[in-house]
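Step one of this worksheet: look at the structure below.
The values are calculated or read from the model by the stated rules, or taken from the named source; none is laboratory data. None of the values given here were measured: they were computed from a predicted structure. We place every Cβ from the backbone using ideal geometry, glycine too, and count neighbours over all the protein chains shown.
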Amino acid sequence: MPKAEKIFLSNHRNNSLQQQKITEMIVFKELIVYLINTKDSNSFLRFIKEIQPLELDIGLLNDYLSELSQGTISQSLINEVEYQYEENSYSIERMEMVDLIGDTNVMFEFKDIKECFNMIEGLMNGDYDYKEFAMQFPKKLELVEDECPPEVLNGISELCSNYLSKNTSDADFFQQVKNHYISFEECYNFESE
């Protein structure tokens with residue numbers, strides 16, 4: 001039995017619905033604490049942080065969270081959000097962005113992957129200085145947490161490191177990145193623009 005299971009189940013020996021509800025509220029609140037206080041970062045959290053927050057009444061925040069933790073959304077919160085949308089003329093685009101939160105079919109890291117692809121493509125097209133690319137690409141790659149074969153992406157970072165250590169000539173660096181570029185393109189079904 002996992003440790004967390006032992007902690008929660010040992011406190012709720014009778015497995016009552018009320019005890020289960022208490023556990024669910026604690027778990028919900030722990031998620032809120034994590035989201036607000038985490039120093040962790042991934043494409044999903046960066047996506048959320050890019051959305052400008054509504055100007056909700058902070059004095060009612062605890063009331064809103066109390067109701068949410070009990071599985072209800074208060075009419076006052078609904079009214080507040082509707083008012084904010086009307087007052088600020090928020091578009092359907094904002095609603096669609098917010099609606100993506102919690103959608104497990106969304107690949108949030110696609111933006112970072114596409115930027116990596118565009119950087120490589122820029123190098124192939126002569127838009128990047130080799131040294132500049134070799135310094136910037138590994139930093140951008142750190143933002144990607146994807147299942148694409150790691151040798152495709154990590155190989156490019158290793159090439160950058162070798163280039164910066166002056167272990168690779170410009171021509172060799174370009175050719176080796178180009179070889180990885182083709183694999184990268186195939187991995188994500190990108191097409192050159």
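Test Lys131 against the stated conditions and say whether it is basic (Lys, Arg), in a helix (DSSP H, G or I) and surrounded by 13 or more Cβ atoms within 10 Å (Cβ to Cβ).
Here the answer is yes, as Lys131 does meet what is asked.
Answer with yes or no whether Asp103 is without any contact (Cβ under 8 Å) to a residue 24 or more places away in the chain, closer than 12 Å to Phe44 by Cα and assigned to a loop (DSSP other than H, G, I, E, B).
For Asp103, the condition - without any contact (Cβ under 8 Å) to a residue 24 or more places away in the chain, closer than 12 Å to Phe44 by Cα and assigned to a loop (DSSP other than H, G, I, E, B) - is met.
Can you pull out the residues in segment 41-62 that are surrounded by 11 or more Cβ atoms within 10 Å (Cβ to Cβ), of a type in the set (A, V, I, L, M, F, W, C) and over 10 Å from the mean Cα position of the chain (by Cα)?
Ile51, Leu54, Leu56, Leu60, Leu61
In this structure, does Glu121 turn out to be closer than 30 Å to Leu56 by Cβ, assigned to a helix (DSSP H, G or I) and within 27 Å of the chain's Cα centre (by Cα)?
So Glu121 does not fit the description; no.
Consider Phe47 against the criteria (1) within 30 Å of Lys166 (Cβ to Cβ); (2) in a helix (DSSP H, G or I): it satisfies all of them except one. Which criterion is unmet?
Exception for Phe47: condition (1).
Does any residue in segment 70-97 that is more than 20 Å from Ile48 (Cα to Cα) come within less than 7 Å, Cβ to Cβ, of a residue that is of a type outside the set (A, V, I, L, M) and part of a helix (DSSP H, G or I) six or more places away or on a different chain, and which pairs are these?
Pairs that qualify, where the first residue is more than 20 Å from Ile48 (Cα to Cα) and the partner is of a type outside the set (A, V, I, L, M) and part of a helix (DSSP H, G or I), are Ile73/Glu67; Ser74/Tyr64; Ser74/Glu67.
State yes or no: is Met97 in contact with an Asp or Glu (Cβ under 9 Å, 6 or more places away or on another chain), modelled with pLDDT of 90 or more and of a type in the set (A, V, I, L, M)?
yes
Looking only at segment 136-174, filter to residues that are loosely packed, with under 12 Cβ neighbours inside 10 Å and over 20 Å from the mean Cα position of the chain (by Cα); which one of those is modelled with the lowest pLDDT?
Only one residue tops the list, namely Glu151.
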